[in-house]
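Report on the structure given below.
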Amino acid sequence: MPFALVNARVLLAQGLCEGLAVNVADGRILSVTDDPLAGASIVDCDGDMLLPGFIDTQVNGGGGVLFNDRPAVETIATIAAAHRRFGTTGLLPTLISDSLDVVAAGIAAVDAAIEQGVPGILGIHIEGPFLSQARRGVHDGARLRTLDRAAIDLLTSARHGRTLVTLAPECVQPGDIAALVDAGVIVAAGHSDADYETVRRAIDEGLTGFTHLFNAMSPLTSRAPGMVGAALESGDVFAGLIVDGCHVHPAAARVALRAKGHERLMLVTDAMALTDAGVDRFLLQGREIARVGKRLVDADGTLAGSTLTMGQAVRNMVGQVGADFGQAVAMASASPAAFLGIGDRIGAIAPGLSADLVLMDDDWQIRRSWIMGSSEPAPH
């Protein structure tokens with residue numbers, strides 16, 4: 001049945017707008033007009049902000065479970081439900097470096113989740129195991145490997161959704177990135193010690209993203225621009241930012257925003273199992289990870305993802321970094337949608353797009369969300 005969302009401050013390209021009705025039918029936005037659609041049921045938004053739903057391209061876990069531990073539909077559904085409470089209406093369940101058997105199970109699970117209609121699943125992010133030992137971070141060095149023909153065949157095997165692969169450009173052969181891209185895979189660079197020239201060659205082959213900019217990558221210095229320099233210089237390439245106050249200093253985030261603009265920066269959480277779990281530690285491939293203040297670390301103090309939510313990331317981008325509210329929301333919606341090549345389907349409040357929406361109050365709390373027009377109140 002058609003419904004109309006009224007009495008909201010609707011975030012459009014020109015900013016927050018009042019006095020509008022967002023009319024929805026069959027899971028899509030029909031129109032954004034002055035009046036509700038005739039015959040539509042009315043949903044009163046109580047003056048809260050109506051935003052495009054948040055899209056997170058890097059979600060390792062949530063709700064007490066980790067995708068690597070059990071790559072299954074039930075795990076994916078638990079993770080998606082945990083993050084939906086904080087405004088995420090679309091995500092990529094993310095595997096960190098593991099065996100190819102686990103990668104195969106993850107791809108099969110995401111295919112099945114999409115077939116079964118688990119809300120909000122857009123595809124899969126395979127972060128490793130084709131990474132640099134020098135920049136592996138918390139990834140298990142024993143699980144890293146080279147990218148061979150069998151691995152390329154596996155990475156290009158998903159039947160549904162988008163496949164994002166994070167790799168270290170110096171750890172693959174010339175032509176490997178192009179082969180993945182030609183098969184429809186989105187390739188990002190991360191956990192890499194590649195020099196500037198190697199990164200530029202990867203971009204020429206079709207690499208379009210950088211995973212958690214500044215973290216686990218060769219830095220920008222005066223005579224060696226590194227991966228960070230290549231990322232900041234490349235205007236058409238996207239980059240993710242973990243704006244949790246731990247991974248990236250606000251000044252570094254401001255530099256990235258000025259260099260690339262909000263259109264090419266994406267907020268990501270890199271969330272682990274503890275998000276919305278009510279506990280302070282978990283096991284990551286046999287190693288204990290603990291919450292210490294706002295940080296998740298292993299026994300050596302290495303950062304191990306986060307407990308960040310997309311709603312908090314938007315808030316931090318405004319409060320800590322100084323971004324405009326509309327820019328921050330776009331970094332959580334329109335930018336990742338464009339990166340995934342699905343900006344014609346989701347990522348904004350506009351006629352014809354999926355009714356993936358979030359209702360946020362002035363205290364930054366998520367009050368309600370819609371995925372393809374299906375509503376779920378946030379339990380706060």
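Throughout, read-outs are computed from the coordinates displayed, never taken from laboratory work. Keep in mind that this is a model prediction, so the values were computed, not measured. With ideal geometry, Cβ positions are generated from the backbone for all residues, glycine too; neighbour counts draw on all protein chains shown.
Can you run phi through the Karplus equation (6.51, -1.76, 1.60; θ = phi - 60°) for the stretch 231-244 and list ³J(HN,Hα) in whole Hz, with x for Gly and Pro?
With the stated coefficients, the stretch 231-244 comes to 5, 5, 6, 7, x, 9, 9, 8, 8, x, 10, 9, 9, 10 Hz.
Full-extension gain between Gln365 and His249, please, as 0.36 nm times their residue separation minus the C-alpha to C-alpha distance.
39.3 nm
Could you work out how far helix 310-319 tilts from the main Cα principal axis of the chain, as a 0 to 90 degree angle to the nearest 10?
90
What angle, in degrees between 0 and 90 and rounded to the nearest 10, separates the Cα long axis of helix 196-205 from the longest principal axis of the Cα atoms of the chain?
The angle comes out at about 60 degrees.
Label-point separation (nm) for Leu16 and Arg281, each offset 7 Å from Cα along Cα-to-Cβ?
Modelled inter-label distance: 4.2 nm.
Might you report the magnitude of the Cβ-based charge dipole of the chain about its Cα centre, with Lys and Arg at +1 and Asp and Glu at -1, to the nearest 20 debye? Before the final figure, lay out the partial values.
Numbers: 28 positive and 43 negative charges, 113 e Å.
Using only the charged Cβ atoms, the result is roughly 540 debye.
For the stretch 53-339, just run the numbers: alpha carbon Rg, then divide by 2.2 N^0.38 Å, N being how many residues it has.
Here the Cα radius of gyration is 0.90 times the empirical estimate.
With θ set to phi - 60°, apply the Karplus curve 6.51 cos²θ - 1.76 cosθ + 1.60 along the stretch 345-358 and write out the HN-Hα couplings as whole Hz, x wherever there is a Gly or Pro.
In residue order, the calculated couplings are 10, 9, x, 7, 9, 7, x, x, 7, 4, 7, 9, 9, 9 Hz.
With springs only between Cα atoms under 10 Å, which of Leu267, Leu50, Leu20 fluctuates most in a Gaussian network model of the chain?
It is Leu20.
Springs between alpha-carbon atoms under 10 Å, Gaussian network over the chain: tell me which of Met310, Met49, Met272 tops the mean-square fluctuations.
Per the Cα network of the chain with a 10 Å cutoff, Met49 tops the list.
Set Lys and Arg Cβ to +1 and Asp and Glu Cβ to -1, take the dipole of the chain about its Cα centre, and tell me which of Ala8, Val358, Gly229 lies farthest positive.
Gly229
I need the phi-derived Karplus couplings for the stretch 248-263: 6.51 cos²θ - 1.76 cosθ + 1.60, θ = phi - 60°, integer Hz, Gly and Pro marked x.
With coefficients 6.51, -1.76 and 1.60, one gets 9, 5, x, 5, 5, 5, 5, 4, 4, 5, 5, 6, 10, x, 5, 5 Hz.
Taking the stretch 208-265, which trypsin sites (Lys or Arg not before Pro) meet the DSSP loop condition and have no more than 12 other C-beta atoms within 10 Å?
Arg223
Using only the alpha carbons, work out the radius of gyration and Dmax of the stretch 1-94 in angstrom.
16.7, 49
Could you pull the Cα extents of the stretch 236-317 along its three principal axes, largest to smallest, in whole Å?
Between the extreme Cα coordinates on each principal axis of the stretch 236-317 lie 39, 24, 21 Å.
Express in whole angstrom the spacing between the alpha-carbon centres of the stretch 315-380 and the stretch 1-57.
Rounded to whole Å, the Cα centres lie 13 Å apart.
Per the helix-only calculation at 222 nm, which mean residue ellipticity applies to the chain, given -39500 (n - 2.57) for every DSSP H run of n ≥ 4 and division by its residues, nearest 500 deg cm²/dmol?
-7000 deg cm²/dmol
Choose one of Gly61, Ala202, Gly286: the residue whose Cα lies farthest towards the positive end of the charge dipole of the chain (beta-carbon charges +1 Lys, Arg; -1 Asp, Glu; about the Cα centre).
Gly286
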